Each structure stands twice: as C-alpha cells, then as structure tokens.
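**Student:** Take a look at the following structure, please.
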Amino acid sequence: MQENMQAFLVDFIAILKDYEEAVVLDRANRNTLWQDVIKKEMSKVEVAFHFNQYGSIPVGFQKIACHIVYDVKFDSTRKARYVGGGHMASVPAAQSYSSVVSRDSVRIMFLIAALNDLDIKMCDIGNTYLNAETRDHVYFISGPEWGSRAGLPLTIVRALYGLKSSRAGWKKSFASYIRHEPPGCNMQLSPLSRLQYAT
C-alpha cells in the first residue's frame, strides 16, 4: 500500500487554475515546465491583441475576461491555451453562427474519392483561429501572465479561442484563402457540404 502511494505521488501532476499557481508549482518542483509552455502560448497569441498603452477603450467594446486553460498530455508534457471569455459578451447570432461538417458527408467524400481514384489532401493548421479577424468588439485587462504589460487594457483583434464569433470568422477566412490563394489549386465548394472543398 505504501509503495503504491509513493508511486502515485511520483507520477502525480497538478492541473492548475491560474498563472500564480503555475509559478508556485514550478518553484516547488525546481523547474520551469509550466512557465515555459505559458511563454510559448503567449508568444503565439500575442498577434491577437492590440495594447492600449494610454488606457483608452474604443467606444462600443464590451469588457470580458481572458485566462489560460491548463492541461497535461498522456506523455506528461504540459499544454497551455489562452482563451477569451466569450460568454461574457453579447454577440448577435448572425455573427457567431457557423455550421459544422457532418460525419456522413465526410464518409461520402471518401467514397467518391475512392471510386474515382482521387487523392485526398488534408492538413493541420496550428493556432487555427488566430489566422482570422474577430467580429467580437471586446477588450480585457491583461493579467500577470503578460509580465511587464500586466494591468493594461487590450482589445482583441484576432479570432481567439473562446470568443463566440471565432469559428465563423475562421470559416470565412479559410474559405476566402482556399478559393483564391493557392496557385493552380482552384478549389470549389463541394455540392455535398458547405464545409468541404474539391478541385
């Protein structure tokens, strides 16, 4: 029993609630594992914000809160995701609605590709939403994870995870890109789904 308890304590990794807990836990463990993943995430999402160094807030912007969501993967690596509190802002449904591809339409596309000996192309886009502009008019006050810039008002200018219109903004941005940007690609919407493209 005591051996099992010791093994459990050695393998135990705490899930955090806020930045201060990350710093305390790293100090206790004599490492910087949590702080390293937080710095990595903050460097990626920094493009999503505009710092208002004089403390001015644009007219019509709603105040929300942002925070970090912490996780530990199966291989014990740490993960941090900076998200916006979109539930705190009122956004018209027309700006936030975005449909999702159905499982059946994906299966049908795979079947058509197999029957016609077509190649299927797919990819993974890191920090997906940050590639699109946000439709939400929101700001927040930066927390301690922002270091020397803590306490400053920030307006959100890119589609951040957690905001209501982020998925719709990303869908619009991706659709525009896939139809116009890749040379010689000439992708068109599939007749089966408004979320799948075919050449």
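Just so you know, all these numbers are worked out from the coordinates, no wet-lab data involved. The model shown is predicted, which means the values in this text are computed figures rather than measured ones. Note that each Cβ is placed from the backbone with ideal geometry, even for glycine, and that neighbours are counted across all protein chains shown.
**Student:** Please arrange Ile38, Ile112 by counting, for each residue, the other beta carbons lying within 10 Å of its beta carbon, fewest first.
**Tutor:** In increasing order of surrounding Cβ atoms, one gets Ile112, Ile38.
**Student:** Another one. Tell me which chymotrypsin sites (Phe, Trp or Tyr not before Pro) from the range 13-61 have a DSSP coil assignment and no more than 12 other beta carbons within 10 Å of their own.
**Tutor:** Sites meeting the loop and neighbour criteria: Tyr54.
**Student:** Mind checking which lysines have their C-alpha under 16 Å from Lys17, skipping anything on the same chain fewer than 8 residues away?
**Tutor:** Straight-line reach from Lys17, under 16 Å: Lys79.
**Student:** Which order do the peptides 166-179, 67-80 take when ranked by the mean count of other beta-carbon atoms within 10 Å per residue, highest first?
**Tutor:** Going by the mean number of other Cβ atoms within 10 Å, highest first, we get 166-179, 67-80.
**Student:** Ranked by Cβ crowding within 10 angstrom, fewest neighbours first, how are Cys123, Cys66 ordered?
**Tutor:** Ascending number of Cβ neighbours within 10 Å: Cys123, Cys66.
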